[in-house]
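The values are calculated or read from the model by the stated rules, or taken from the named source; none is laboratory data. Not measured: the values here are computed from a predicted model. Every residue, glycine as well, gets a Cβ built from its backbone with ideal geometry; the counts of neighbours run over all protein chains shown. To get the accessible areas, we keep the full protein, side chains included, count just its heavy atoms, and leave off ligands, DNA and RNA. Shrake-Rupley method; radii C 1.70, N 1.55, O 1.52, S 1.80 Å.
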Amino acid sequence: MEGAGYRVVFEKGGVYLHTSAKKHQDPDSLIAGVIRVVEKDNDVLLHWAPVEEAGDSTQIFFSKKDTSGGDSCTSEEEPTFDPGYEPDWAVISTVRPRHRHSEPTRGAEPSSPRGSWAFSVSLGELKSIRRSKPGLSWAYLVLVTQAGGSLPALHFHRGGTRALLRVLSRYLLLARCPARSSPQDSRLYLVFPHDSSALSNSFHHLQLFDQDSSNVVSRFFQDPYSTTFSSFSRVTNFFRGALQPHQEGASSDLPPAPDDEPEPGFEVISCGLSPSLRREAWKFLLGYLSWEGSAEEHKAHVRKKTDEYFRMKLQWKSVSPEQERRNSLLHGYRSLIERDVSRTDRNNKFYEGPENPGLGLLNDILLTYCMYHFDLGYVQGMSDLLSPILYVTQNEVDAFWCFCGFMELVHGNFEESQETMKRQLGQLLLLLRVLDPPLCDFLDSQDSGSLCFCFRWLLIWFKREFPFPDVLRLWEVLWTGLPGPNLHLLVACAILDMERDTLMLSGFGSNEILKHINELTMKLSVEDVLTRAEALYRQLTACRELPHNVQEILGLAPPAEPQSPSPPASPLPLSPTRAPPAPPPPVDTVPQPDSSLEILPEEEEEEEEECADS
């Protein structure tokens, strides 16, 4: 009961402790409880206690989204996944206790070992609160105390995290961190008291400036960069400590870092688009939405495209099994898509686990694309291009049209003739000839002058070469078209330039070169590669006598107009410093590796197939 000096201001059931870190938890590892915010004796406490029930207290099952307002998903919680027009397809894993009406008496001592998990903490002892990132699981909060320890994570199976944070904001200042150095930042709230003097003291303890700060202004005008960055690097250290992930069950006995630890050097923080902006920005970068359109025009456009998408989706969904048996093309597409989707990014939490709704949407979008582009259909590798787009947009319709925009850029890569891939490998060789003739000569001498080992890079835009978050940043840079077109070719040049010495000084043959390039997967820094690619672009554009064909690749000159047929002439030099090609050798001499722009001749079918397999 509430009495003098004791008042419950917030109460929420269905708040669980997961005492086991196993992927598939047994019911005994889930402890149901009630979270309360209590005003008591001029203090405010956050209290959690288990709900004691007889027999099996929990039942794990899967259910579809409850649109009737049931307790499986409250309206105040942000949606974990937005599949577009068909929200019932999203499967939400839930745990509900069997309905029993017994509640523990407030303040009663625990009557079982589960009661030992109960805790009560004063709000003044909190240092930070970290929310879980949006996903396909329950929302949870991790509370970190001023002493540096973390309380057991509270899993809100019936929602309520936002309501709890709103109540806590009555008594505390919850400062939400911007998404800067890691995706966790935007989910972290630093806790400060409402007392302004206490808040001032908190910032005073950061000691942003030296003890004697009387000459800060003069130092700032003399050397603004050093003064500012040396001061704010201390802020970085403060936030870094708060951003450290606290794992459940982790030991809190580790000693804190010493206060007199030397300051690190200046740290340059370079970020791509924040997740909150990326979801909208990609729609513009990929041509789904127009940069010039108004908000109302965008809404009308989305409605139109939504209807168009589901009309196309209905075309293949309405095909009966009997019809499909007589449609070998559709049956082939379906089989190939199911096989590719089942192994696409399965180590990403968004796509892991059996019967994952994300995999179902990948499958549906790719099959609908076959209805959208009959001539091209589905080709292996397209699932790699769609997966990051669906991960970012988290909406079936948006993902489809953004994917279509991406395919407008790269659809030639998947054509059966592979003429586009041959042309790009030729352009890559041309750029490399200008930038590094000795490297090209070495590759020629090792029967690798065709750059066949770069085939996968260009086919799916380095999707398998970088970690997933780096791929997101790389793609959005390439989609801007800046600093010029075909930047993906310069990215390939940058990687080869970074590996130049390893390739040339190791005595690698063609097999070793291919093996070394394949082993670069997940070992490259996207920051270093993009920086070097732009540097190569600046180097080329600064060249006064850049060949016209290179200018065309970089977008510095319009394509040359086709001329009337004439007898074959000797090719122009590929760089200003390269001498014209020597006359052809006599017939009886040993032929040398071909370094012309015809990378994959028609008659060399075995080499072409090897490129595709790599």
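What to note about this one:
- Hits in segment 133-143 (condition: open to solvent by 10 Å² or more (accessible area, probe 1.4 Å) and either modelled with pLDDT of 85 or more or assigned to a strand (DSSP E or B) (or both)): Ala139, Tyr140
- In segment 14-40, the qualifying residues are those that are part of a strand (DSSP E or B) and open to solvent by 30 Å² or more (accessible area, probe 1.4 Å), and the one that is modelled with the lowest pLDDT is Lys40.
- Which numbered condition Pro437 misses (of (1) within 28 Å of Gly272 (Cβ to Cβ); (2) in contact (Cβ under 8 Å) with a residue 24 or more places away in the chain): (1)
- Pairs with Cβ under 6 Å, 6+ apart, first in segment 312-340 and in contact (Cβ under 8 Å) with a residue 12 or more places away in the chain, second open to solvent by less than 70 Å² (accessible area, probe 1.4 Å) and β-branched (Val, Ile, Thr): Met312/Thr368; Lys313/Thr368
- If you filter segment 354-391 down to residues that are touching a strand residue (DSSP E or B) at 6+ places or on another chain (Cβ under 9 Å) and over 24 Å from Glu308 (Cβ atoms), you find that the one that is modelled with the lowest pLDDT is Glu355.
- Pairs with Cβ under 8 Å, 6+ apart, first in segment 447-461 and over 14 Å from Trp475 (Cβ atoms), second of a type in the set (A, V, I, L, M) and open to solvent by 20 Å² or more (accessible area, probe 1.4 Å): Ser448/Leu514; Cys452/Leu514; Phe453/Leu514; Phe455/Ala612
- Among residues of segment 347-376 that are touching a residue at least 12 places away in the same chain (Cβ under 8 Å), those with a Cβ under 8 angstrom from a residue that is among the basic types (Lys, Arg), sequence gap 6+ or separate chain, pair up as Asp364/Lys313; Leu367/Lys313; Leu367/Arg334; Thr368/Lys313; Met371/Lys313.
- Failed item, numbered, when Pro483 is tested on (1) modelled with pLDDT under 95; (2) touching a helix residue (DSSP H, G or I) at 6+ places or on another chain (Cβ under 8 Å); (3) open to solvent by 60 Å² or more (accessible area, probe 1.4 Å): (3)
- Of the candidates Arg180, Arg166, Arg170, Arg130, the single residue that is under 27 Å from Pro469 (Cβ atoms), modelled with pLDDT of 85 or more and open to solvent by 30 Å² or more (accessible area, probe 1.4 Å) is Arg130.
- Gly507 being closer than 27 Å to Phe284 by Cα and not in a helix (DSSP H, G or I): no
- Residue in segment 475-487 that is within 22 Å of Ala557 (Cβ to Cβ) and in a helix (DSSP H, G or I) present: yes
- From the options Val397, Val491, residue that is closer than 21 Å to Trp291 by Cα, of a type in the set (Val, Ile, Thr) and assigned to a helix (DSSP H, G or I): Val397
- First in segment 149-170 and under 10 Å from Trp138 (Cβ atoms), second anywhere and modelled with pLDDT under 85 and β-branched (Val, Ile, Thr), Cβ under 6 Å, 6 or more apart: His157/Val95; Gly159/Thr74
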